[in-house]
Amino acid sequence: MLDSLSSSLKDALKKIAGKTVVDRAAVEELVRSLQRALLQADVNVKLVMHLSQSIKRRALEEEPPKGMNLREHVLRIVYQELVALMGGAGKVDLSQQTILMAGLQGSGKTTTTAKLARYFQRKGLKVGVICADTFRPGAYKQLSTLCAKVNVPIFGDPTEKDALLIVREGIKRFAETEVVIIDTQGRHALEDDLIQEIIDINEIAKPEHRWLVIDAALGQQAAEQARRFNEAIEIDGVLITKMDGTAKGGGALSAVSETKSGIVFIGAGETIDDLERFDPDGFISRLLGMGDLKALAERAEEVMADEEMDVNAMLRGKFTLRDMYKQLETVNKMGPLKQVMSMLPLGGMQIPDDAYDVTSTKMERYKVVMDSMTSAELDDPQIISGSRVHRISRGAGVAPEDVRELLKYYRVMQRALKGMRGSKFSMQRMMKRFGK
Ligand code: GDP
């Protein structure tokens with residue numbers, strides 16, 4: 001997500017981190033690199049200019065807080081100003097509520113409705129979805145397939161053309177349901193009758209929240225959509241989708257922050273778990289490479305609620321093959337591994353792409369291989385020599401390469417965990433300095 005913005009921001013900060021004195025020239029150089037990085041990510045020019053002026057002024061005029069050196073002071077200012085640029089986060093309740101979804105066709109509204117249903121369901125709430133998109137022929141089928149995957153009931157009628165009728169009945173049907181999400185129709189452009197229909201649905205459903213779904217690739221135009229829908233139904237939260245597919249997501253992110261409603265969630269992938277609560281602090285920390293333990297902890301909590309498994313074991317102590325297997329299982333439940341890893345403060349550490357690629361078939365194979373190992377080998381894979389590799393592969397009926405692959409994977413994970421423990425420490429220290 002926004003990988004190129006992230007690496008240019010990190011590069012810009014690295015330059016200043018290498019300096020012993022931070023003078024006007026250094027601040028100006030930093031600001032220039034930041035400007036370039038933000039403009040490339042499509043953040044609005046005016047916002048970028050405003051941000052650079054604030055950073056320059058504060059860095060040169062403000063006294064560093066006690067105990068903080070000049071360099072840390074500048075980094076902190078950059079961090080704070082970027083958080084301010086994104087605007088605040090929209091409110092998400094974990095209680096009884098109806099949510100009305102708005103957005104244009106193709107924005108990702110239907111997919112996001114299902115992702116949200118999943119999100120609230122994982123929080124332990126009873127969820128129901130109403131399909132009020134009577135315009136697009138396949139909408140009901142698409143939504144019911146997605147909802148069936150996660151066992152969320154859906155109300156709708158593909159033969160009914162009157163969306164208002166469906167909403168009325170759906171609300172009755174889900175009277176006992178805690179979270180009701182209404183997916184509405186979208187078209188290619190903001191047509192007047194589309195707007196009128198959502199105004200009518202809003203009056204009937206009287207939802208607690210009215211959320212707008214926006215495609216990240218829209219960039220600056222996001223502000224215009226937010227404004228139009230806001231005039232119609234008072235949008236109180238924005239979901240930005242497809243952040244995985246564009247390097248220009250900075251446009252939509254910052255454009256929306258200009259409107260009154262904050263961002264509530266970010267969609268960064270096509271699977272039902274690719275939805276993240278938006279938190280500007282965490283988002284910027286991650287962009288700047290400081291990791292985001294908060295988002296990870298939130299996910300870990302959900303999985304633990306499901307599984308009663310101590311995910312935090314990942315962050316401490318001895319790491320055996322048995323632990324690795326258990327953690328792989330857990331991590332797979334937390335969502336795509338790559339996404340989970342990007343939330344960890346791994347600093348600049350590169351993890352090979354194939355390390356993410358642990359499919360369930362592979363997991364099965366790992367399990368068979370591990371079944372042929374002795375307890376001593378599982379507890380201390382270091383002792384697995386060449387002859388042991390052959391013995392294990394014969395026992396498991398796999399090729400020696402398969403055993404070696406498992407061991408290689410183990411070493412990658414072990415290194416990653418070591419790196420994480422180190423950076424977790426330094427991040428805590430950093431956060432303390434940042435007054436968090
Ligand atoms: P709707 O017309 O607004 O209901 O849009 P859909 O939910 O049908 O989504 C349109 C397309 O965008 C589908 O192919 C989705 O799989 C895809 N999509 C939705 N959200 C995301 C996302 O966060 N990332 C990616 N890569 N694709 C997405």
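Side notes on the structure shown:
- Simple spin-label estimate for R168 and E191 in nanometres, 7 Å along Cα-Cβ: 2.4
- Convex hull of Cα atoms in the stretch 149-262, direction-averaged projection (nm²): 8.2
- Rounded to whole Å, sorted largest first: equivalent-ellipsoid semi-axes of the stretch 97-287, Cα gyration tensor: 25, 19, 15
- Put simply, the amide H of F155, placed in the peptide plane, has neighbours under 5 Å in V129, I130, C131, leaving out anything fewer than 5 places away on its chain.
- Cα-Cα separations in the stretch 3-86 greater than 14 Å, expressed as whole percent: 60
Quick note: the coordinates plus some simple rules give every number you see, no bench work behind them. From a predicted model like this one, the values you see are computed outputs, not experimental measurements. When we count neighbours, we look across all protein chains shown, and the Cβ atoms used for this are built from the backbone with ideal geometry, even at glycine.
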